[in-house]
Structure formats: structure tokens, C-alpha cells
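*Asks:* Take a look at the following structure, please.
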Amino acid sequence: MRPFGYTRADTSESAARQAASGGTFIAGGTNLLDLMKLEVMAPEALIDINRLDLGAIEETDDGGLRIGALVSNSDLANDARIRKDWPVLSRALLAGASGQLRNKATTGGNLLQRTRCLYFYDRAMPCNKREPGAGCSAKDGFNRILAVLGTSEHCIAAHPSDMAVAMRALGAEVETLKENGSTRRLTLDNLYLLPGDRPDQETVLEPGELITAVVLPAPVDGKQTYRKVRDRASYAFALVSVAGIAKLENGRIARANLAFGGLAPKPWRNAEVEALLTGEAPSEDLFNKAADLLLAEAQGYGANDFKIPLARRTLVSVLNELTQEAQQ
Amino acid sequence: METNLTINGTEQRLDLDPRTTLLDALRHHLGLTGSKKGCDHGQCGACTVMVNGRRINACLTLVCMHDGDEVTTIEGLGQPGNLSPLQEAFVNEDGFQCGYCTPGQICSATAMLKEISDGWPSHVTDDLDGKAKLTAEEISERMSGNLCRCSAYPNIVEAIRKAAGENT
């Protein structure tokens, strides 16, 4: 690890100010320290935000929840309210990482974790995300785990989070605090950037801008599930994952929220796919049309070509599960 | 960076380079070599310790981030002649071969049994609101952050089941 300054922040405001002048926030540290040991990341200073008052899960006036940025993945997954009314989020969290990591990893940090692209981690190989302009080794390399949607010629990295996929399906929003003391709310769609020609820029967050909370809207009516397909049964990143919420009324789909992991540089959601399903009677044919639409622009890079049919099958299977069980 | 923390019931005052991980502080500065360094990247679980009662990877956290915390390592769980139920069960069930992953396995399992008795569900628990049973499938899922390259998994699972039976 390269040497760095270390400060324990007392308030969110002072943390934001310190980070704006060259510091990097550290909370759980499970991804950041991993990358610092490899010198993929080498911050000048760490601002330890673990003492900030951001560890509560509070009910909002409109029936939702405000999840403090420092709530651990374990505490969030095990919260009785989440388990009862937002089970897709609990399931997504429990499908991710290991017991040890979930105890340290935080809500804010999980959103901002970096891709597990092998070439991002390997400093001997060119990577546009690590070093803009260096080139992408993954396009013609070992890209089994990488993205097929939303990529660019400069980067095909996939976002690794399970939690963020469920949050995207639930319509969660992020609350932030900027260096100048102002706050804003961002949908997850607006938080993340696609790689384009600047894959090193992953979010719209400004220097010093601190995620303080994630706000869940009121519970969504319908059956919820999180399906994760991976290379081993536990403690592995998703090849494809689907967070799904669906409700049937009079034999027709009244609502379908669908978000996807493992496929794209950010948790993926396609409003056209949901619109295609809404109002229709569930059928294998309909579900395949939804998959056609979802994957119309999908592009494989060789070793990850299999993700396109895998995403189709996973989506169809999830829709079958959600609509069959909802009929019972 | 000055850091005051309690390790296995003893207050410690450390003033180390901020780069020092909790694992390196335990092993190199406090002589507590029970916690092992396997991958040093949070993938193998050999460094598992408990902080404020919860299991974490000691390699993926800086000791300076633990001012005021209470750390329990394998040395704090039991000693020769005074083994914890899990330590005893690992010996009786032959829950290891080379033994390198064992301190991490036992620290992890100690905290895992508390998690399950506190009603935490896992990825393989059918009912998020129900109480999980300590099946082999549940143990394997909950212990997936601890690798054993000798592949002593069947006996590790059996040791955990036996130890839990003695506790309940």
C-alpha cells in the first residue's frame, strides 16, 4: 500500500470538505483496501466516516424507509421491515459476498464498489478505467464475467453489486451531501454513468460528495424475488441476476419491475420491457418477447456470449415464478 | 495513528502506521499469531476475528479504524485445557487437516452460531421471517467465506453441528 493520510471525521459536513480537497471516504473498506493493497487505488488521504451518525434505518412519512449510508449489509438484510415488505432487497443482500464481508460492507460503499474486471485489477495490463486512454484488455481477453449491455468500445466492465440491482427494481433514491453543504437526491439510474469514452467516471458524484442515505419508496404491491446465477453456489459474483416484482390482476400483469445484474456497467432496468409486459396475460411467448426487447442491443465479446441466452432464460424463469405464484 | 482497543479482554494502546491492517497488528505487533494470513484480500477467511461480537476479515480493515472496539481472536475463545465447545468439536470430529484455516473457521463458526440464534436468515433459508434450522446446507452457505484447501468440509460441518447441539 502507498502511504496515505488518515483522519477520523466527526461530522458529515467536515468529511465532505476533507474529501473535496483530495481525500477518499472509507467506511467498511472491504473493496477499497483490497484495491489499495494492489495499488489499483492509491488515495492521498482516507477520511474515516465510520463515526458519522449515518447508521439508522428510519421510516419516512410516505411509508418508505431511509437507510443510513453506514448501515451494514448484514443489518440491512436482517432488518425485520426489509424482510417483510422489501424482501427482494433482503434476498439480494444475502446472495452477495460472505458473512464476514456483509458485516463490514456498508450501504453507501456497496453502491460505489468497483468492477471485478480482471484487467482493472491487473496493473500489468492496459485498462481505460484505471488509466484513461491506455486501452481495454478485456474486449479480446478473459471477459466471461463482463457486460453485454451498455458497454462501449473503451470498457465492458460489469457492475458487481447485488444490492443495487434490488434497489433499482424498488425505485430507490440516493441522498447526498456536497462539500458546500447542499444536498440532493438521485435515482440510481442518474447516479451511475455508462462508460462511453470515460470509463474512469462511474458516477455523477462530485469530489467530496458523500452518500448519506438510500431512500426506499413505500412497499410495492406484488410478488418479489431475486434470482442470481453464478459459477458456484455461494460467495461468487453474478453472471446474471434478476430482481423482479410482479403483480397479477384478473389474470393480467398489472405491474412488472425488473432490474438486472451482471449484464451491464450499472444495475440495468428497461422501462420498455416493463411496459411490454404490463396489461398482458402471462405466457411463455410474452416473456420471450420481453427478453427479445431487453437483449435487442446486447453484444457479446466472445467468452461472455453465453450471458445473452442465459439472461433470456433467467428472465423467462423469473417471470414464470412471479406470475405463477401470484396466481395461487 | 494512536488507537486504543480491547483484544481478548485486555486493553491495548497502539500507535502504528495507518496502513497497518488489524490482522498485521494482531500478528506482528501483539504476537497473536492464531489469526492467519491466507490471501490477504478477504477471499479465504483464514484471518476471521470477531469485532464487537461480529465476524469480519481482519485483513480487510485498518487497525486505526477500530479505536474503542472489542476484538476477539482464536486465542480469546479458548486455550489448551480450556477449549471452547467449537474448538473441542473440531478436535473430536477431525475438522481439519493442515490446520491453517482452522482458527478462522472456528472464529467464523462461533459468530455464525450467534447469527443463527439471533434469527438471521441466509441465502438458502426458505422463509425470511421464519427461524432457520442448522442444516448442513445452512452451515455450508453461512461458512462459504472460509475456504479449506485440504477440503475438510464434511468434518467442519459435523463439528459445527455437534458444537451447536451441545449449546442448545
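*Asks:* Normalised by the empirical 2.2 N^0.38 Å for globular proteins, what value does the Cα Rg of the protein assembly as shown take?
*Replies:* Values: Rg = 22.7 Å, N = 496, 2.2 N^0.38 = 23.3 Å.
Cα-based Rg divided by the globular estimate yields 0.98.
*Asks:* Could you tell me the ratio Rg/Rh of the stretch A:1-70? Both radii from Cα atoms, Rh via Kirkwood.
*Replies:* Values: Rg = 14.4 Å, Rh = 13.3 Å.
That ratio equals 1.08.
*Asks:* Same structure, new question: Using R₀ = 60 Å, calculate the FRET efficiency as 1/(1 + (r/R₀)^6) where r is the Cβ-Cβ separation of B:GLU11 and A:ARG255; round to 0.05. Could you put the intermediate results ahead of the total?
*Replies:* On the way: r = 56 Å, r/R0 = 0.93.
The value I calculate is 0.60.
*Asks:* Moving on to the next point. Nearest 0.05, what FRET efficiency do A:ARG184 and A:GLU13 give at R0 = 25 Å with Cβ-Cβ as r? Walk me through the intermediate numbers first.
*Replies:* On the way: r = 15 Å, r/R0 = 0.60.
E between A:ARG184 and A:GLU13, to the nearest 0.05, is 0.95.
*Asks:* Here is a further query. Run the 1.4 Å probe and let me know the accessible area of B:THR33, rounded to the nearest 10 Å².
*Replies:* Looks like 70 Å² after rounding.
*Asks:* Students often get this wrong, so check it: of A:LYS266/B:LYS114; A:LYS37/B:LYS162; A:LYS139/A:LYS178; B:LYS37/B:LYS114, which have C-alpha atoms separated by over 32 Å? Let's see the in-between values first.
*Replies:* On the way: A:LYS266/B:LYS114 35 Å; A:LYS37/B:LYS162 39 Å; A:LYS139/A:LYS178 36 Å; B:LYS37/B:LYS114 24 Å.
Checking Cα-Cα distances, A:LYS266/B:LYS114; A:LYS37/B:LYS162; A:LYS139/A:LYS178 exceed 32 Å.
*Asks:* Something else now. If the viscosity is 1.306 mPa s and the temperature 10 °C, what translational diffusion coefficient in µm²/s does Stokes-Einstein give for the stretch B:2-77 when Rh comes from Kirkwood over Cα pairs?
*Replies:* It diffuses with D of about 133 µm²/s by this estimate.
*Asks:* For chain A, find the longest principal axis of its Cα atoms and tell me its angle to the long axis of helix A:284-294, 0 to 90°, nearest 10.
*Replies:* The helix A:284-294 is inclined about 30 degrees to chain A.
*Asks:* Give the residue list of chymotrypsin sites (Phe, Trp or Tyr not before Pro) in the stretch A:81-190 that are DSSP loop and have at most 16 other beta-carbon atoms within 10 angstrom. Numbers along the way, then the final one.
*Replies:* Numbers: sites: A:TYR119, A:PHE120, A:TYR121, A:PHE142; in loops: A:PHE142.
Here the chymotrypsin sites (Phe, Trp or Tyr not before Pro) that fit, given the DSSP loop and packing criteria, are A:PHE142.
*Asks:* Which residues of the stretch A:79-94 end up with at least 20 Å² less accessible area in the presence of all protein chains than when their chain stands alone, using a 1.4 Å probe?
*Replies:* Listed by number, the residues meeting the 20 Å² cut-off are A:ARG83, A:ARG91, A:LEU94.
*Asks:* Could you tell me how many degrees, from 0 to 90 and to the nearest 10, lie between the Cα long axis of helix B:153-167 and the main elongation axis, the longest principal axis, of the Cα atoms of chain B?
*Replies:* Long axis of B:153-167 versus the principal axis of chain B: about 90 degrees.
*Asks:* Can you tell me the mean projection area, over all orientations, of the convex hull of the stretch A:85-228's alpha carbons? Units nm², please. Mind dumping the intermediate values first?
*Replies:* Numbers: hull surface 40.0 nm².
Dividing the Cα hull surface by four gives the mean projection, 10.0 nm².
*Asks:* Charges only on Cβ, +1 for Lys and Arg, -1 for Asp and Glu: so what's the dipole of the stretch B:85-167 about the Cα centre, in debye to the nearest 20? Can you show the working numbers first?
*Replies:* Numbers: 7 positive and 13 negative charges, 47 e Å.
Approximately 220 debye in magnitude.
*Asks:* Using the beta-carbon distance between A:ASP197 and B:ASP94 and R0 = 41 Å, what value does 1/(1 + (r/R0)^6) give for FRET efficiency, to the nearest 0.05? Don't skip to the answer; put the middle values down first.
*Replies:* Working: r = 58 Å, r/R0 = 1.40.
According to the calculation, E is roughly 0.10.
*Asks:* If you stretched the chain out fully between A:GLU206 and A:ALA45, how much longer would it get, using 0.36 nm times the residue separation minus the C-alpha to C-alpha distance?
*Replies:* Details: separation 161, 0.36 × 161 = 57.96 nm, distance 1.68 nm.
The A:GLU206-A:ALA45 span can extend by a further 56.3 nm.
*Asks:* Pull out the extension gain between A:GLU272 and A:ARG81, defined as 0.36 nm times the separation in residues minus the alpha carbon to alpha carbon distance; nm, one decimal.
*Replies:* Values: separation 191, 0.36 × 191 = 68.76 nm, distance 3.06 nm.
Result for the pair: 65.7 nm of gain on full extension.
*Asks:* Given a 1.4 Å probe and every protein chain left where it sits, what share in percent of the accessible area of the protein assembly as shown is carbon and sulfur? Walk me through the numbers on the way to the answer.
*Replies:* Working: 9380 of 20370 Å².
On the protein assembly as shown, the fraction of accessible area on carbon and sulfur atoms equals 46 percent.
*Asks:* Quick one: accessible area per residue over the protein assembly as shown, 1.4 Å probe, rounded to a whole number of Å²? Spell out each step's value before the answer.
*Replies:* Numbers: 20370 Å² over 496 residues.
Accessible surface, normalised per residue, equals 41 Å².
*Asks:* Next up: For the pair A and B, how large is the buried accessible area, both sides, in square angstrom to the nearest 100, if the probe is 1.4 Å?
*Replies:* Details: alone 14650 and 9020 Å², together 20370 Å².
Approximately 3300 Å² gets buried when A meets B.
*Asks:* Let me ask something else. Taking 7 Å along the Cα-to-C-beta vector as the label spot, tell me the A:ALA236-B:LYS114 distance in nanometres, rounded to one decimal.
*Replies:* With each label point 7 Å from Cα toward Cβ, the separation is 3.1 nm.
*Asks:* Given DSSP loops and a limit of at most 14 other Cβ atoms within 10 Å, what is the longest stretch of chain A that contains no such GluC sites (Glu not before Pro)?
*Replies:* Numbers: sites that count: A:GLU39, A:GLU44, A:GLU153, A:GLU297.
Of all site-free stretches, the longest is A:154-296.
*Asks:* If you don't mind, there's one more thing I want to ask. Chymotrypsin sites (Phe, Trp or Tyr not before Pro), restricted to the stretch A:223-328: which are DSSP loop and have at most 16 other Cβ atoms within 10 Å?
*Replies:* Details: sites: A:TYR226, A:TYR235, A:PHE237, A:PHE260, A:TRP268, A:PHE287, A:TYR301, A:PHE306; in loops: A:TYR235, A:PHE237, A:TYR301, A:PHE306.
Of the chymotrypsin sites (Phe, Trp or Tyr not before Pro), the ones in loops of the stretch A:223-328 whose Cβ has at most 16 other Cβ atoms within 10 Å are A:PHE306.
*Asks:* Turning to a different aspect of this structure: Given the options A:ALA157, A:ALA290, A:ALA275, which has the most mean-square fluctuation in a GNM of chain A, springs set between C-alpha atoms less than 10 angstrom apart?
*Replies:* Taking springs between Cα atoms under 10 Å, the residue moving most is A:ALA275.
*Asks:* Calculate, axis by axis, the spread of Cα positions in the stretch A:31-154 along the three principal axes, and write the results as whole Å, longest axis first.
*Replies:* Cα extents, longest axis first: 48, 35, 28 Å.
*Asks:* How far apart, in nm, are the 7 Å Cα→Cβ label points at A:GLU58 and A:LYS289?
*Replies:* 4.6 nm
*Asks:* Let me know the volume per residue of the alpha-carbon convex hull for chain B, in Å³. Intermediate values should be presented prior to the final figure.
*Replies:* Values: hull volume 19.2 nm³, N = 168.
Per-residue hull volume (Cα only) is 114 Å³.
*Asks:* Same structure, new question: A drop of at least 50 square angstrom in accessible area, chain alone versus all protein chains together, probe 1.4 Å. Which residues of the stretch B:3-40 meet that?
*Replies:* Residues meeting the cut-off: B:ARG19.
The values are calculated or read from the model by the stated rules, or taken from the named source; none is laboratory data. The shown structure was predicted, so the numbers you read here are calculated from the model rather than taken from an experiment. With ideal geometry, Cβ positions are generated from the backbone for all residues, glycine too; neighbour counts draw on all protein chains shown. Protein only, heavy atoms only, side chains kept; ligands, DNA and RNA dropped before computing areas. Shrake-Rupley method; radii C 1.70, N 1.55, O 1.52, S 1.80 Å.
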